[in-house]
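The values are calculated or read from the model by the stated rules, or taken from the named source; none is laboratory data. Not measured: the values here are computed from a predicted model. Positions of Cβ are generated from backbone atoms using ideal geometry, with glycine treated the same way; all protein chains shown enter the neighbour counts.
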Amino acid sequence: MRVILLGFGVVGRSFAEVVMSEGTKLAKAHGLKPKIVGIVDSSGAVFDKNGLDLAKALKSKKDNGTLAGFGDSYHDGMSGVQAVREIDCEVVVETTPTELKKGEPGLSHVKAAMIKGRHVVCTNKGPLALAMPALMELAHHNGVLFKFSGTVGGGTPVLDFAKKCLEGSEIRSIRGILNGTSNYILTRMAAEGASMKDALADAQRLGYAEADPTYDIEGFDTACKLVITSNYVLGTSLSIKDLDIRGITKVSDKDIAEAAARGEAVKLIGSVGSKAKVSPESIKLTHPLNVSGTFNAICFDTHPSGEVTLVGKGAGGPETATSVIRDLIEIRRSFAR
Ligand SMILES: NC(=O)c1ccc[n+]([C@@H]2O[C@H](COP(=O)([O-])OP(=O)(O)OC[C@H]3O[C@@H](n4cnc5c(N)ncnc54)[C@H](OP(=O)(O)O)[C@@H]3O)[C@@H](O)[C@H]2O)c1
């Protein structure tokens, strides 16, 4: 299976590392032999139809911050769209940054890949949060598979758990803690009386939060994941623009203390039932959604079985790379049918 990798950051590099370290096992257990024939970052691209030397790519990125270490085979300034059009492959793996105004560059990458007849694995939430129904349609129209299990839950298989394992149950509503940074901050505030400012500074120091944490603490990351989950699991046609979104920035020490006195905790919850929204809510300390630190949890209210909750790490390079592998295995299975 020839793969073009768009984005060579935390997730892209972890994916390359997993392909190198787990290749033999994946081939034996699943018949999966991903051959990365192209890698593109923000400055250029490298490609080799026989499969790139991944150790060299990782070293070049580490040493220079670019793929220029490939010398003559480095194409300075080559874009992801150009690479997708010019390099033959079966699958495009899209791992560029999530952007929520226009969904770029991911949206153009995904569209170009589908139009060219490539299957797509996407960890980037932007294209899905803004245009998921249209992209599903485009994939169908071009006869390609569109997989995105890493967009929700990182390595925790939230989407396929709901779609496959809850098959036969009616899912009436979904509620989830879907952003590790916000949950870490709220946990520290409740457990230690830390201020939001100090907890956020610690989250940044520990690498959980970005230098610009708006996307996490204003609720946009949770909203993206809720849109993707709702559309995939409940068959809605939401875009992030349809949601009421309120993050944690206005949660006060007093809110946290009052919730604790009631035996509750304030959490940033994304929910979809009669309407879709993201807002801080108080939940019982004994509720399975009450996870601490950077953990994510998602609760499906099903009929007739009642609530089913899935808990796991919601992000991380190796975890998200595992989700890419999971998606590739499924694409490989479809080839084999
Ligand atoms: N990290 C996680 O735990 C996690 C979990 C789930 C989902 N995700 C999602 O997965 C995606 C990747 O995350 P990440 O943590 O790997 O991000 P990252 O470390 O910031 O890496 C992004 C990569 O995309 C490249 N890039 C930026 N603009 C580009 C362009 N126009 N064309 C081609 N490449 C471009 C960057 O190039 P340079 O290297 O040249 O800057 C970088 O290699 C994001 O959308 C994120 O929301 C991440």
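For region 19-29, does any single residue satisfy the condition of being of a type in the set (Ser, Thr, Tyr), over 22 Å from the mean Cα position of the chain (by Cα) and within 11 Å of the ligand (Cβ to nearest atom)? Checked against the condition, which is being of a type in the set (Ser, Thr, Tyr), over 22 Å from the mean Cα position of the chain (by Cα) and within 11 Å of the ligand (Cβ to nearest atom), region 19-29 yields no hits at all. Can you tell me which of (1) more than 27 Å from GLY154 (Cβ to Cβ); (2) touching a Pro at 6+ places or on another chain (Cβ under 8 Å); (3) small (Gly, Ala, Ser) is the one GLY77 doesn't meet? Tallying (1) more than 27 Å from GLY154 (Cβ to Cβ); (2) touching a Pro at 6+ places or on another chain (Cβ under 8 Å); (3) small (Gly, Ala, Ser), GLY77 fails exactly one: (2).
You will find that of GLU86, GLU99, GLU90, the residue that is acidic (Asp, Glu) and either closer than 19 Å to VAL227 by Cα or near the ligand (Cβ under 10 Å from one of its atoms) (or both) is GLU99 and no other.
Every listed requirement among (1) more than 14 Å from MET78 (Cβ to Cβ); (2) within 16 Å of the ligand (Cβ to nearest atom); (3) surrounded by 15 or more Cβ atoms within 10 Å (Cβ to Cβ) is met by GLY9 save one, (3).
Taking the criterion of being surrounded by fewer than 22 Cβ atoms within 10 Å (Cβ to Cβ), among the small types (Gly, Ala, Ser), at positive phi and outside the structural domain of SER279 (by TED's automatic domain parsing), would at least one residue in region 162-169 satisfy it? No; the residues of region 162-169 include none that is surrounded by fewer than 22 Cβ atoms within 10 Å (Cβ to Cβ), among the small types (Gly, Ala, Ser), at positive phi and outside the structural domain of SER279 (by TED's automatic domain parsing). Per the listing VAL158, VAL152, the residue uniquely within 18 Å of PHE300 (Cα to Cα) and near the ligand (Cβ under 10 Å from one of its atoms) is VAL152. Restricting attention to region 63-83, which residues are closer than 23 Å to GLY317 by Cβ and either touching a strand residue (DSSP E or B) at 6+ places or on another chain (Cβ under 6 Å) or within 11 Å of the ligand (Cβ to nearest atom) (or both)? Result: ASN64, GLY65, THR66, LEU67, ALA68, PHE70, GLY80, ALA83.
Of everything listed in (1) under 30 Å from PRO213 (Cβ atoms); (2) crowded, with 18+ Cβ neighbours inside 10 Å; (3) at pLDDT 95 or above, the single unmet condition for SER108 is (2). Looking across region 291-319, the residues that are among the small types (Gly, Ala, Ser), within 16 Å of the ligand (Cβ to nearest atom) and not in a strand (DSSP E or B) come down to GLY293, GLY314, ALA315, GLY316, GLY317.
Filtering region 262-278 to residues that are crowded, with 16+ Cβ neighbours inside 10 Å and either more than 25 Å from the chain's Cα centre (by Cα) or small (Gly, Ala, Ser) (or both) leaves GLU264, ALA265, GLY270, SER271, ALA276.
Conditions (1) at pLDDT below 95; (2) closer than 30 Å to PHE335 by Cβ, marked per residue:
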| residue | (1), (2) |
| --- | --- |
| VAL120 | no, yes |
| ALA129 | no, yes |
| PRO133 | no, yes |
| HIS140 | no, yes |
| THR156 | yes, yes |
| GLY168 | yes, yes |
| SER182 | no, no |
| THR187 | no, no |
| ILE217 | no, no |
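Listed by position, the helices (runs of 4 or more DSSP H) contained in region 171-250 that have at least 3 residues being in the same structural domain as VAL291 (by TED's automatic domain parsing), without any contact (Cβ under 8 Å) to a residue 60 or more places away in the chain and under 20 Å from LEU135 (Cβ atoms) form an empty set.
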